[in-house]
Structure formats: structure tokens, C-alpha cells
Amino acid sequence: MEPVKKRSTSPVWEHLDLISPIRSVAYIEYYNRCIMLDLIFLFHSKVKCLLCSRELGYNNNTSSMRRHYRAVHEIEEGHGGAPAQARPTRKQDLDEALVNLIVKDTQPFSVVEDVGFRACVALLDPNCVTPTRQAVKAMVEAKYVRERNKAIADMQKVAAVSLTSDMWTSINRDAYLAVTCHFVDDSTRLNCVLLGVQPFPRTHTAENLAGVKASLVEEWGITDKVTGLVTDGAANMISCGRQLKLRRAICIAHTLHLIVNKSLDVTPVLSDIRAKARTLVGYFRSSALAKEKLESVQRQLGRPTLKLLQEVETRWSSTHHMLQRLVDLREPGGAALASLNTDITTLTSAECTTIRGCLSLLSGFNEATIERSEEKNVSGSKVEPLLKMLEQMLQEEMAKTAVAVAKEMGEHPLRKLRERLHTLQSMSIMPLQRYWTPGSKGSDCLAL
């Protein structure tokens, strides 16, 4: 049997072949006699892409075929509407975008199998074939290998790197050790690479910590390049630095956290207010009725709909945000509580005054914490002036405030700041920060 002739001279046929389900000559002759051949082409024919072997329905025109080429093979039309050479990069671009969606948005691999996701993709591009979960997983793993190899190559070009390290616990109470590498490239840009987040089921001894860190830096090929280590002030971290024979610096953001937390804890009046605030926030966050009532009151008052924030033990700034939000929502919060059947009370006027006075002292610490959390700026040289500015700010705010509790609370961070500043000025590692020049070997990029 001869192949069915193509019914159009469009240049797009150079890349597609017509397929017909009519296999028998007798059938063709029969339908010819019945003048039905046009209907056969209209309802029963398909075309096959010669590049990707995909089959498309053929409805007696080439519009769907052209859409397939533009979407999958990035066809560019030449003179006279003739398609140029197909370049199979469209699918690669789509796959790369999908991998970025998974990685940057922390999506599960199974998202590609969700009905809503597939429907959205089909609407955006009917010709796009969504990869399976296994294929996406393989693509993510391949991208990790590429990015890791690129990072290793970049680190081989520099003379020195520094490390930051921290222990943390997941929501399932599993322990992890995170190690990050910092270095300055030839363009004097600060780069940050996560070396690893390792499960740490063993006891958190200095020996175990040092062993894992040593294995990581060896795996990345930077053993002879590490010149500094930044950790918190825990005894096992300090001892770990000694075992690795690295100059160690304490994390200033963590130090500020400890200073402020201690100041809050040693101020009894403020501790009572914080306990009341946690109870108040917990009620609105756990009760759907209370949450809806608070939002309703805010809308009635013509205010933006805001939620109360609960403090987190490991981040003092969350206490700052919790108290500030409670003060901001005192009026709608009080109105909401008044209409609810509860014995929980809102903050009093005197308590709000106390909170405002304390927050004025702590606002500088909040800004300093944000400044210390940046990754793309060399930060070691900022430590001494930052602490000195905090000390001066505290003195000025304590002289202005009329809130006795704020004055009491401010004494502790003022004393601790002076102690910490004196300690840092006596450390041999700090002058390197003050006199750093691009390309110099040493702890020139410590993320303190």
C-alpha cells in the first residue's frame, strides 16, 4: 500500500508525517465511491512529529502542527513562512523552570502529579508534556551535581575561606549540623556556599563535631584553605574549634540574642508582661472564632487585617515583633475580647506604656540583628563600630525615657555590651577585619 499523500504543500510538512488509520485499499476505494475521503481526513487522521515522535490530531489544517513546533522545538519561521531548523531547547528551558520551582519554592516532587498543577500547565501550553515525579527528582539531583561542581571550582580559585557552623533541631526533634563556607572571589564579591546539613544523631561532643566538619571540608577540597570558624559560644563549639586548630570567632548575632534575652529575663515586670502576651497571642491563634472576630473588628475600624505574632524562644527579635504587634492591635484586640466568652484580658494602658519604653531601647538591637544577618556583605569589620553605636544608643535612650522598667532593663545590655566590646578588641582576629584588603590571606570574610 502506498502512503497516504499529504493534503497540503505547507513547509511544516518537512518535519511531520501523515498517519491514517485506513489500512485497506478496498476501504479507500469504497470511501472514494461514497465521496467520504475528505471526512476521513477530517475526523480520523493523525500526524507524527519526525523529531520527537509525538502524534497529533490532524484536522485538515496545520495550525496545531505549528503550535507544537513553536512550543516544543522553538521553530523560527524563515522567509515565506518556511520553518527554519528545529532547535530542541524549549523543553530544556521548561524543565529548568520546573526544577527551579521545586528548589526555590521548596515544593515536593509529587507536585508534578497534582491535578491542579497539570491543568494549569495544560492551559498555559497544551503541547507541554509534564515530567513524572521520578524524572523531576533525577533533574533536581543533576542540577545539584552541576551547582556543586561549579562551587568547588570557584573555591579552588581563592586563597582562603571561612566557615560558620551551628547545631539546630527540626520540628521532629531531629538534630542537624549545618556548615556554611564564605569566601571573596576575584571581583571582591562575598560568596556563600552551604557545605552540608548533616543529621547528627550522635552526642554533641567536640570530638564528634570536629570529625564531621573535617570530613566536610575534605570532601569539598578546602582543607588547606580554611582560616577561620564562626560559631556560637557553646563550650563544645569552642572546644571543636581548638581541635580543628582554627581561629574561632563568636557569632555576634547570637551574642546579641543572648544579651537581649537575658535582659528580658532579669526584668520581673517585663517577664510578667511577656507571659501575659504569650497567653493572649496563643488564644487568638488557637481559636478560629477569636481569630475571625479580631479580623472583623480591624475591617470595621478601616485598618489593615493583621495577625498577632507569637515569640520563638531561639530568636529574641520574635519577642520584639510580638510585643510591637500587640501594642499596635491593642484597640481591636480589646474590642474582640469584649465580645468573646473568655476571661483572658488585653494589655492595660500601663503595660503598653512599659512595652513602648522597652521597645525604644531594643529597636537598635533589632536593626543590628538584621544587619548581622546579611550574607552578601563582609561583616567582620562592622562588629566593633556596631557594638559601640548600640552602647551609645542605649545611653541616650535611657537618659530620655521616663519608664522605670525600661531603665532597669537597659542596665544589663549596657553592661554586657561594654564587656563584649572589650573582649573583641583584645582578640587577635579582629585587627584582620579592620585592615582587610581584597585577596589578602586570613579571615578576610568572617561572617561574624
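The values are calculated or read from the model by the stated rules, or taken from the named source; none is laboratory data. These figures come from a predicted structure and were not determined experimentally. Using ideal geometry, Cβ is built from the backbone for each residue, glycine included, and neighbour counts are taken over all protein chains shown. Areas reflect the complete protein model, heavy atoms only, side chains present, ligands, DNA and RNA absent. Shrake-Rupley method; radii C 1.70, N 1.55, O 1.52, S 1.80 Å.
Counted by Cβ distance under 13 Å from VAL269, the other residues give a net charge of -1, where Lys and Arg count +1 and Asp and Glu count -1. On the beta carbon distance between ASP95 and ALA175, with R0 = 35 Å, the FRET formula returns roughly 0.50. With bins 10 Å wide beginning at 0, the percent of Cα pairs of segment 156-275 falling in each bin runs 12, 38, 30, 15, 6, 1.
Highest mean packing first, where packing is the average number of other Cβ atoms within 10 Å per residue, the peptides 103-110, 316-323, 329-336 line up as 316-323, 329-336, 103-110.
Rounded, prolate or oblate, given the Cα gyration tensor of segment 194-245, with a/c below 1.5 counting as rounded? Because a/c hits 1.5 or more and a/b fails to exceed b/c, segment 194-245 counts as oblate. Fully extending the segment from ARG278 to ARG415, taken as 0.36 nm per residue of separation minus the present Cα-Cα distance, adds 46.5 nm. Straight-line cross-link reach from LYS307 at under 19 Å between alpha-carbon atoms covers these lysines, not counting any fewer than eight positions away in the same chain: LYS276, LYS291, LYS293. Distances between placed amide hydrogens fall under 5 Å for ASP166 paired with ALA178, all partners being 5 or more residues away or on another chain. Measuring only protein heavy atoms, the 1.4 Å probe finds THR423 accessible over about 60 Å². Shown here: segment 151-221, whose C-alpha atoms stretch 41, 24, 16 Å along the first, second and third principal axes, sorted largest to smallest. With the Cα gyration tensor of segment 224-357 giving a ≥ b ≥ c as the square roots of its eigenvalues, does the rule (a/c under 1.5 for rounded; else a/b larger than b/c for prolate; else oblate) give rounded, prolate or oblate? Prolate, since a/c reaches 1.5 and a/b exceeds b/c.
How much FRET efficiency would the formula 1/(1 + (r/R0)^6) give for ASP166 and SER187, where r is the Cβ-Cβ distance and R0 is 25 Å, rounded to 0.05? Result of the calculation: an efficiency of 0.35. Cβ-Cβ distance of THR342 and VAL145, R₀ of 41 Å, FRET efficiency by 1/(1 + (r/R0)^6): the value works out to about 0.15. Our compactness index for segment 267-420, the C-alpha radius of gyration over the empirical 2.2 N^0.38 Å, is 1.18. Projecting the alpha carbon convex hull of segment 98-175 along each direction and taking the average yields 8.1 nm².
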